[in-house]
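**Student:** Let me begin by handing over the structure; questions about it come next.
The values are calculated or read from the model by the stated rules, or taken from the named source; none is laboratory data. If you're wondering where the values come from, they're calculated on a predicted model, not measured in any experiment. Every residue, glycine among them, receives a Cβ derived from its backbone with ideal geometry; neighbour counts consider all protein chains shown. For the accessible areas, the whole protein counts, side chains as well, though only heavy atoms, and no ligand, DNA or RNA atoms are used. Shrake-Rupley method; radii C 1.70, N 1.55, O 1.52, S 1.80 Å.
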Amino acid sequence: MAEYSFLSLLRNALSGNEDWKPAWRKPDPRPSYDVIVIGGGGHGLSTAYYLAKEHGITNVAVLEKGYLGSGNVGRNTTIVRSNYLLPDNIRFYEHSMKLWENLSHDLNYNVMFSQRGVLNLAHTPAQMDEHARRGNAMRHEGGDAVLLGREEVARMVPGLDMSASARFPVLGGLLQPRAGTARHDAVAWGYARGADRRGVDILENCEVTGFLREGERVVGVTTTRGEIRAKKVAVAVAGSTGRVMKLAGIDNLPIESHVLQAFVSESLKPLINQVVTFGGGHLYVSQSDKGGLVFGGDLDGYNTYAQRGNLPLVEEVMSELLAMFPNLARVRLLRSWGGVMDMSMDGSPIITPGPLPGMFLNCGWCYGGFKATPASGWCFAHTIARGEAHPLNAAFTLDRFARGILIDEKGQGATPKWH
Amino acid sequence: MLIACPYCGPRDLSEFTYQGDANRTRPNPMSNDQSAWNAYVYERVNTAGDHREFWQHSGGCRAHLVVIRSTLTHEIKSVAFARETAK
Ligand SMILES: Cc1cc2nc3c(=O)[nH]c(=O)nc-3n(C[C@H](O)[C@H](O)[C@H](O)COP(=O)(O)OP(=O)(O)OC[C@H]3O[C@@H](n4cnc5c(N)ncnc54)[C@H](O)[C@@H]3O)c2cc1C
Ligand SMILES: [Zn+2]
């Protein structure tokens, strides 16, 4: 199995890098496991890793229909933050942040977690008040937040249009210094290797096509690589939640699938050292180590399972970027793509036992599931191992909608395209 | 995406506003059947395939439309005035 150290780098450099071992095995499916995790994205892989590491459950398979990282874990804009307002969200994402801070060390795999700070700009006095309130809520729960004035923002982000004649003049911003970015592919690969070396089978090109049932109870799955039985079946398929749960006869989840697009520019010299978000619309931008600007904005705004969007949104995103950084007007776009988001009705996730006996469900990640990857797997593993939620995910139930205890961070109501 | 408004003809996506899933049935406003209201407000079939949905031609004639569109390919199969087809 691939191990990385100064010595192994040296040895492999001398032998022309031809003797590296694969980071995880490619086993054939066994007839049965203690736990099957459907979905080899960040959440499925971290779930398998923490099942093995925290709960000693190693007779586990992760079933992925394509290759590892082909879903949203390899499509996001890599922003990691915990700047939420509501206590259930702050605690969960703060736990995730703490796991991120030790993740490269824990996995012995460099996930390039870069705490470069996330700066949310404010353009109106009301937004400054909202940021002060959010910052206080974060600090109250033990997180970090700093309210910046206009001068401090100007010093921190020299490329920003700070002129008084800007369409949305900048008044200040809320900075979370511990937030930042991580290398998304490395997160998938690191968790995969960590799970594999603890005995988890990672089965790629293994699409779940149906559920095996004994009465109500889920006792396994049918796949493109045959039937596999399990004591517990956990679903973590993000944007495909609707399609997979329909195979179990469930088509009334509080979820809509929508497309989110992302963009990368050609490489530039260092210009933006943080993640900066626009408050006059919805836009977030950072600069990768290669120099490309990585950015995105809103959803296209209609139900879709196609991993591509339309042009009106592209135009909107570009115009918002230029409202912040007019100096980028002549920079060329290198690539753009889309990913299918599992948008929940209140913008918060679901991590819960059920809805059928023998089944566990993890979904509703909206725009923000990458930063949740460690805590989502950590809490889901606990939920699967113990058969009940950990206090950190106890509020993320499926029945909170019917019971009227929503976790609606933005107060937008049941309109997923606005979350 | 081009949507063929029955009044204005084919127009660009940017002229339209999406108004969501048209498969739901609103309970009688006087009803206090909690599960029917929960289904109407929060539950979605989230179809992968032909999806019946509301759009408004907000940048044109402002008509409310019912569109059947594939959520897998974005192909639009039919467009009609909502007042004629909506329940
Ligand atoms: C453009 C874009 C930008 C984003 N930016 C950010 C960001 O900056 N910060 C942030 O925190 N979040 C961001 N997100 C959200 C984040 O990427 C997702 O919420 C998160 O990755 C979802 O969890 P996952 O990694 O497990 O999903 P995925 O990687 O999508 O994993 C699900 C897996 O399930 C597999 N699957 C589906 N059906 C089946 C089946 N029948 N059988 C077997 N396997 C199946 C899929 O192939 C897929 O690999 C962004 C998303 C997108 C699309
Ligand atoms: Zn019209």
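**Student:** Run A:ILE255 past the list (1) under 19 Å from the mean Cα position of the chain (by Cα); (2) away from every other protein chain (no Cβ under 14 Å); (3) closer than 30 Å to A:ASP201 by Cα and report the number of the one that doesn't hold.
**Tutor:** A:ILE255 satisfies every listed condition except (2).
**Student:** Of the numbered conditions (1) in the same structural domain as A:ASP251 (by TED's automatic domain parsing); (2) outside any helix (DSSP H, G or I), A:GLY368 fails exactly one; give the number of that condition.
**Tutor:** Answer for A:GLY368: the failing condition is (2).
**Student:** Something else about it: Report, by residue number, each residue of region A:102-116 that is within 16 Å of A:ASP289 (Cβ to Cβ) and either part of a loop (DSSP other than H, G, I, E, B) or not polar (S, T, N, Q) (or both).
**Tutor:** Answer for region A:102-116, where residues must be within 16 Å of A:ASP289 (Cβ to Cβ) and either part of a loop (DSSP other than H, G, I, E, B) or not polar (S, T, N, Q) (or both): A:ASN110, A:VAL111, A:MET112, A:PHE113, A:GLN115, A:ARG116.
**Student:** Please enumerate the residues belonging to region B:1-36 that are within 9 Å of another protein chain (Cβ to nearest Cβ) and more than 14 Å from ligand 2 (Cβ to nearest atom).
**Tutor:** Result: B:MET1, B:TYR18, B:GLY20, B:ASP21, B:GLN34, B:SER35.
**Student:** For A:TRP24, all conditions in the list (1) crowded, with 19+ Cβ neighbours inside 10 Å; (2) within 17 Å of A:THR223 (Cβ to Cβ) hold save one; what is the number of the exception?
**Tutor:** A:TRP24 satisfies every listed condition except (2).
**Student:** Let me ask something else about it. Please verify whether region B:63-75 includes one or more residues that are away from every other protein chain (no Cβ under 12 Å), in contact (Cβ under 8 Å) with a residue 60 or more places away in the chain and in contact with a helix residue (DSSP H, G or I) (Cβ under 8 Å, 6 or more places away or on another chain).
**Tutor:** Yes: region B:63-75 contains one or more residues that are away from every other protein chain (no Cβ under 12 Å), in contact (Cβ under 8 Å) with a residue 60 or more places away in the chain and in contact with a helix residue (DSSP H, G or I) (Cβ under 8 Å, 6 or more places away or on another chain).
**Student:** May I pose another question? Got a number for residues in region A:238-261 being under 21 Å from A:GLY387 (Cβ atoms) and of a type in the set (Val, Ile, Thr)?
**Tutor:** Residues meeting the conditions: 1.
**Student:** Hey, another quick one. State all residues of region A:303-360 that are at the interface with chain B (Cβ under 10 Å from one of its Cβ atoms), assigned to a helix (DSSP H, G or I) and within 12 Å of ligand 1 (Cβ to nearest atom); if no residue qualifies, say none. Spell out the reasoning first.
**Tutor:** The first filter runs over region A:303-360 and keeps only residues at the interface with chain B (Cβ under 10 Å from one of its Cβ atoms), leaving A:303-306, A:308-313, A:315-316, A:340, A:342-346.
Now restrict to residues that are assigned to a helix (DSSP H, G or I): A:311-313, A:315-316.
Within region A:303-360, A:LEU313 is the sole residue that qualifies.
**Student:** Considering every residue within region A:259-271, establish whether at least one is buried (at least 17 other Cβ atoms within 10 Å of the Cβ) and within 14 Å of chain B (Cβ to nearest Cβ).
**Tutor:** Yes, region A:259-271 contains at least one residue that is buried (at least 17 other Cβ atoms within 10 Å of the Cβ) and within 14 Å of chain B (Cβ to nearest Cβ).
**Student:** Against the condition under 30 Å from A:ALA137 (Cβ atoms), surrounded by fewer than 24 Cβ atoms within 10 Å (Cβ to Cβ) and not small (Gly, Ala, Ser), how does A:THR77 come out, does it pass?
**Tutor:** Judged against the criteria, A:THR77 is a match.
**Student:** Of everything in region A:226-252 that's polar (S, T, N, Q) and open to solvent by 30 Å² or more (accessible area, probe 1.4 Å), which residue is farthest from the other protein chains (Cβ to nearest Cβ)? Break it down stepwise before answering.
**Tutor:** Let us first name the residues in region A:226-252 that are polar (S, T, N, Q), namely A:240-241, A:252.
Pick out the ones that are also open to solvent by 30 Å² or more (accessible area, probe 1.4 Å) and you get A:240, A:252.
Details: A:SER240: 9, A:ASN252: 4 Å.
This residue is A:SER240.
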